[in-house]
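Asks: Dropping a structure here in structure tokens format, bear with me for questions.
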Amino acid sequence: MRFTKEYDLSSLMISISGVRGKIGQGFGLDEALAFSKSFASMMNGGTAVIGRDSRPSGPYLESLLTSALLASGNSVLTLGLVPTPTTKAVVNLSRANGGIMISASHNPMDWNAFKFISKKGFFFSAEENKKLLSIIQNGTYPKEQIFPKGYIDSGEDYIDLHLSSVLKRVNVAKIKKKKFTVFVDAVGGAGSYVVPKFLQMLGCKVVAHNCNPNGTFPRPPEPTAAALKSVEPYFKKSKADIGFALDPDADRLVLFSPKRGAVSEEFTLPLALMNVLSTVKKKSKVVVNLSTSFLNEEVGSRFGAEVIRSKVGEANVVEEMLKTKAVFGGEGNGGVIDPTIPSFGRDTLSGIAHILNLMAETGKTLDVLLDELPLLYMDKQSFPLAKGMSLESLYEKFQSEFSPKVISEKDGLWMYVSDSWIHIRPSNTEPIFRVITETKSKSDLETTLKRVKQCVES
């Protein structure tokens, strides 16, 4: 789609997750400038917070964004290399008008992105994203000021406030008493400094791995169990009680256990949830997205909590949490959301704190806690959409093949089929569609995957 004569943004991924693309192949200086100027106009002469991950393109995109903000009379609070949740928390804590996290999250190094943050630290809503694009379409940017009143300042003090807000949610003294040895793999990303520092505040001995933000990702950036196989020998050598692996902008968290090594990202949220639900009243509400494991319903039922499913995407989960006054939430990609923390979004620090607190309070090792959860039979696959095939016709094929008992169309197609579910939806961050499947047995998963493959390939 061509927005203006000057900018063709058709090759970018524009969604509730912000705008992202390949450097020099859609997300170049011209496109970044268009979004910078549009965002600057929405700040209305206030303060904007900027954080970034370790991608080499980050510093020059930050300079471009800073220039656009200053030229239109806004001030800038700069954080440097920090996790996405820290940037969101600082927007909230500093009462800024908004912010941007410069990070393409789990995408490869040749990608980058702007994640737009509004007041109180929430990601832009659908309406705010619509306004942002409208400004670009119409070219209604603010004029550059000859005598701008804005300034640049450091937000370093606010970073510590974010860490302190997470510490308040757990029994720090009890965690310190355990003297856990903790392994951290930050993939050379935004959590390379902040996460080890946070663990030291909890009295942990930190074994840092891939915590040198030198502009490379030493392993695949998306922290799945499969991607972390090459890291397992380093974790085992460390003899740590637990290991944490992050994605480049540190809003996803995956665990290593001494017995199992790297485990599925789907275990992160239910373990953190166990800690939270043990301290809240029954019938509390929890929100997870449609692509998240049944494990959370299992944990919820133990504590008498209601689990509600939202559309995929942090902003959608948060919107549902606000609507239902949920005590906790998150996504099965390793994203933990605690509404009492000022980031109010996926936050690795929150996940780390709640899981260590669970281990400290129960006196159980991570392996024992994992053994107490049901076995996980889940598969996540991505496919390019076949030429000439529409998503609607693809959904029809799946419905015809599986004859589901329950259907939800709030986000692609979600089907419940006799103790299993299948979710088919277009990605918010890549030009593909995803098929996520979960069953209650290994044999059911294998059978279901064969039928999924037939639907996709026929």
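The values are calculated or read from the model by the stated rules, or taken from the named source; none is laboratory data. Please read these numbers as outputs of a predicted model, since none were measured by experiment. Note that each Cβ is placed from the backbone with ideal geometry, even for glycine, and that neighbours are counted across all protein chains shown. Note: areas computed on protein heavy atoms with side chains; ligands, DNA, RNA excluded. Shrake-Rupley method; radii C 1.70, N 1.55, O 1.52, S 1.80 Å.
Asks: Do you know which residues across region 369-405 are part of a helix (DSSP H, G or I), open to solvent by less than 60 Å² (accessible area, probe 1.4 Å) and closer than 30 Å to V182 by Cα?
Replies: Listed by number, the residues that qualify are L369, L370.
Asks: Further question on the same structure: Tally the residues that are at pLDDT below 95 and in a strand (DSSP E or B), restricting the search to region 420-434.
Replies: 4
Asks: More than 13 Å from A32 (Cβ to Cβ), open to solvent by less than 20 Å² (accessible area, probe 1.4 Å) and touching a residue at least 40 places away in the same chain (Cβ under 8 Å): is that true of N92 in this structure? Let's see the steps before the verdict.
Replies: On the way: more than 13 Å from A32 (Cβ to Cβ): yes; open to solvent by less than 20 Å² (accessible area, probe 1.4 Å): no; touching a residue at least 40 places away in the same chain (Cβ under 8 Å): yes.
Criteria not met by N92.
Asks: Just the residues that are of a type in the set (V, I, T), without any contact (Cβ under 8 Å) to a residue 60 or more places away in the chain and open to solvent by 10 Å² or more (accessible area, probe 1.4 Å), please, taken from region 406-436. Reasoning before the result, please.
Replies: Filtering region 406-436 for residues of a type in the set (V, I, T) gives 406-407, 417, 422, 424, 429, 432, 435-436.
Right, trim to without any contact (Cβ under 8 Å) to a residue 60 or more places away in the chain and you get 406-407, 417, 422, 424, 432, 435.
V406, I407, V417, I432 - these are the residues of region 406-436 that are of a type in the set (V, I, T), without any contact (Cβ under 8 Å) to a residue 60 or more places away in the chain and open to solvent by 10 Å² or more (accessible area, probe 1.4 Å).
Asks: Can you tell me which residue among L79, L70, L64 is open to solvent by 10 Å² or more (accessible area, probe 1.4 Å), at pLDDT 95 or above, hydrophobic (A, V, I, L, M, F, W, C) and touching a Pro at 6+ places or on another chain (Cβ under 9 Å)? Walk me through how you get there before you give the answer.
Replies: Numbers: L79 fails: touching a Pro at 6+ places or on another chain (Cβ under 9 Å); L64 fails: touching a Pro at 6+ places or on another chain (Cβ under 9 Å).
Selected residue: L70, the only one of L79, L70, L64 that is open to solvent by 10 Å² or more (accessible area, probe 1.4 Å), at pLDDT 95 or above, hydrophobic (A, V, I, L, M, F, W, C) and touching a Pro at 6+ places or on another chain (Cβ under 9 Å).
Asks: Further question on the same structure: Considering only residues that are under 25 Å from I407 (Cβ atoms) and in contact (Cβ under 8 Å) with a residue 40 or more places away in the chain, look in region 319-350 and name the one that is surrounded by the most Cβ atoms within 10 Å (Cβ to Cβ).
Replies: First, pick out the residues of region 319-350 that are under 25 Å from I407 (Cβ atoms): 319-321, 323-324, 326, 329-333.
Now narrow it down to the ones that are in contact (Cβ under 8 Å) with a residue 40 or more places away in the chain: 319, 326, 329-333.
Numbers: E319: 19, A326: 23, G329: 33, G330: 30, E331: 27, G332: 25, N333: 26.
That would be G329.
Asks: I need a count of the residues in region 200-226 that are of a type in the set (A, V, I, L, M, F, W, C), under 20 Å from the mean Cα position of the chain (by Cα) and at pLDDT 95 or above. Spell out how you get there, then give the answer.
Replies: Within region 200-226, the first condition is being of a type in the set (A, V, I, L, M, F, W, C), and the residues that meet it are 201-202, 204, 206-208, 211, 217, 225-226.
Okay, now just the ones that are also under 20 Å from the mean Cα position of the chain (by Cα), so 211, 217, 225-226.
From the residues that got through so far, the ones that are at pLDDT 95 or above too are 211, 217.
Number satisfying all stated conditions: 2.
Asks: Select from region 332-368 the residues that are among the hydroxyl-bearing types (S, T, Y), part of a loop (DSSP other than H, G, I, E, B) and in contact with a helix residue (DSSP H, G or I) (Cβ under 6 Å, 6 or more places away or on another chain) and list them in ascending order.
Replies: Kept after step one, since they are among the hydroxyl-bearing types (S, T, Y), are these residues of region 332-368: 340, 343, 348, 350, 362, 365.
Narrowing further to those that are part of a loop (DSSP other than H, G, I, E, B): 340, 343, 365.
Hit for region 332-368 is S343, nothing else.
Asks: Residues that are open to solvent by less than 20 Å² (accessible area, probe 1.4 Å) and more than 25 Å from R52 (Cβ to Cβ), at least 1 per element: which helices (runs of 4 or more DSSP H) completely within region 114-220 meet that? Outline the logic, then answer.
Replies: On the way: elements: 126-138, 156-167, 172-178, 194-201.
The helices (runs of 4 or more DSSP H) meeting that bar are 172-178.
Asks: Still on this structure: K453 is checked against (1) within 27 Å of P221 (Cβ to Cβ); (2) within 27 Å of the chain's Cα centre (by Cα) and fails just one. What number does that condition carry?
Replies: All conditions pass for K453, except number (2).
Asks: So which pairs qualify, if the first residue must be in region 243-262 and more than 14 Å from G351 (Cβ to Cβ), the second must be modelled with pLDDT of 95 or more and assigned to a strand (DSSP E or B), the Cβ gap must be under 6 Å, and the two must be at least 6 apart or on different chains?
Replies: A262/F256
Asks: Also: With the checklist (1) touching a residue at least 24 places away in the same chain (Cβ under 8 Å); (2) in contact with a helix residue (DSSP H, G or I) (Cβ under 8 Å, 6 or more places away or on another chain) in hand, flag the one item G46 doesn't pass.
Replies: (2)
Asks: Output the number of residues of region 55-106 satisfying the condition of being assigned to a helix (DSSP H, G or I) and either of a type outside the set (F, W, Y) or within 21 Å of E314 (Cβ to Cβ) (or both). Before the answer, list the steps.
Replies: Filtering region 55-106 down to residues assigned to a helix (DSSP H, G or I) leaves 58-71, 84-94.
So of that shortlist, the ones also either of a type outside the set (F, W, Y) or within 21 Å of E314 (Cβ to Cβ) (or both) come out as 58-59, 61-71, 84-94.
The qualifying residues number 24.
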